[in-house]
Amino acid sequence: MNPAAFPWPRWIVHRGGGDAAPENTLAGMLLAAFAGAKMVEFDVRLSADGVPFLLHDDTLERTTDGHGPADALPWKALSRLDAGAWFSPRFAEEPLPSLADAAQLLNDHGLCANVEIKPGPGREAETGARVAADCAKLFAGQTPPPLLTSFSSVALAAAGEAAPALPRAWSVRQWDDGLIAQAQALGVCALDLPHHELNAERAAAVRAAGLWLLSWTVNDPAQAAPLWALGVSALCTDSLDCAVSAA
């Protein structure tokens with residue numbers, strides 16, 4: 001794989017709109033689009049009745065007015081929750097979006113998608129397969145295609161079986177010397193590591209294995225410079241201003 005052929009933008013806005021809007025909402029993605037961002041990351045999990053929707057946590061309390069496990073409710077109930085008021089009163093009544101909602105917005109505004117598969121406990125394979133299959137349909141014809149990422153190797157394996165044409169990246173929190181072999185066994189195109197886990201030796205090993213290297217979370221262009229020098233292909237950021245000014 002030629003690292004120079006990396007098809008996505010270099011900056012990816014974290015959770016839709018970064019620190020400018022409530023995470024994983026259409027409002028955040030619209031802000032990113034209007035600001036001039038080129039790619040957004042967002043988290044997708046399944047409702048009790050199997051509908052893919054956007055939410056980071058396993059539980060509802062932090063970013064909605066709901067309570068309890070996120071996958072204990074059907075989509076109809078989840079769609080009525082307020083996912084914006086926690087961030088600011090001006091985002092009150094902003095709903096949780098479905099994956100279909102998000103895909104429509106991104107397609108309409110020409111934003112690239114980094115879809116992080118966030119399975120609830122015990123639903124790794126189910127979530128990976130469903131999210132990948134839906135992405136293949138919802139983003140059909142988009143160039144470049146959505147990049148599917150996950151911390152769950154089980155979800156990524158299921159995603160690869162359900163939608164083999166979609167590229168996948170494995171997110172890991174800590175480096176170990178077996179990562180590259182595991183990534184190759186999964187058939188992913190990239191490894192996604194925290195920036196503080198990278199050094200020249202590790203970055204060179206990833207690239208020598210034919211994998212792209214992604215990193216998170218970087219909120220300062222000056223902090224990004226040494227990472228670009230290591231050969232990192234893209235950075236995830238909470239700073240919408242950073243993503244736009246450095247794009």
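Filter the range 158-178 down to the residues that are assigned to a helix (DSSP H, G or I) and touching a helix residue (DSSP H, G or I) at 6+ places or on another chain (Cβ under 6 Å) and list them by number.
First pass over the range 158-178, keeping only residues assigned to a helix (DSSP H, G or I): 158-162.
Of everything in the range 158-178, those that are assigned to a helix (DSSP H, G or I) and touching a helix residue (DSSP H, G or I) at 6+ places or on another chain (Cβ under 6 Å) turn out to be A158, A159, A162.
Does E41 qualify as being touching a residue at least 24 places away in the same chain (Cβ under 8 Å) and either open to solvent by 40 Å² or more (accessible area, probe 1.4 Å) or closer than 23 Å to A136 by Cβ (or both)?
yes
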Within the range 94-115, can one find any residue that is without any contact (Cβ under 8 Å) to a residue 40 or more places away in the chain, out of contact with any Cys (no Cβ under 8 Å at 6 or more places or on another chain), closer than 21 Å to V188 by Cα and open to solvent by 30 Å² or more (accessible area, probe 1.4 Å)? no
Which residues, taken from the range 21-35, are touching a residue at least 12 places away in the same chain (Cβ under 8 Å) and open to solvent by 30 Å² or more (accessible area, probe 1.4 Å)? L26, L30, L31, A35
Among (1) out of contact with any Gly (no Cβ under 7 Å at 6 or more places or on another chain); (2) buried (at least 24 other Cβ atoms within 10 Å of the Cβ); (3) among the aliphatic types (A, V, I, L, M), where does A158 come up short? (1)
Looking only at the range 157-166, decide whether some residue is modelled with pLDDT of 95 or more and in contact with a Phe, Trp or Tyr (Cβ under 8 Å, 6 or more places away or on another chain). no
Tell me, please, whether a residue that is acidic (D, E) and buried (at least 19 other Cβ atoms within 10 Å of the Cβ) can be found in the range 75-85. no
Assuming W228 fulfils every condition listed in (1) at pLDDT 95 or above; (2) within 17 Å of G16 (Cβ to Cβ); (3) open to solvent by 30 Å² or more (accessible area, probe 1.4 Å) apart from one, which condition is it? (2)
So, A132, is that one under 25 Å from A157 (Cα atoms) and touching a strand residue (DSSP E or B) at 6+ places or on another chain (Cβ under 7 Å) or not? yes
On the given criteria, is K118 among the basic types (K, R) and within 16 Å of the chain's Cα centre (by Cα)? yes
Looking at (1) under 20 Å from the mean Cα position of the chain (by Cα); (2) of a type outside the set (A, V, I, L, M); (3) over 24 Å from M29 (Cβ atoms), can you tell me which one E201 breaks? (1)
Residue count for the range 133-151, restricted to those that are surrounded by fewer than 19 Cβ atoms within 10 Å (Cβ to Cβ), part of a loop (DSSP other than H, G, I, E, B) and out of contact with any Ser or Thr (no Cβ under 8 Å at 6 or more places or on another chain): 5
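The values are calculated or read from the model by the stated rules, or taken from the named source; none is laboratory data. Just so it is clear, the structure is predicted and the values come from calculations on it, not from any experiment. Glycine gets a Cβ as well: all are built from the backbone with ideal geometry, and neighbour counts include every protein chain shown. Only protein heavy atoms, including side chains, enter the accessible area calculation; ligands, DNA and RNA are left aside. Shrake-Rupley method; radii C 1.70, N 1.55, O 1.52, S 1.80 Å.
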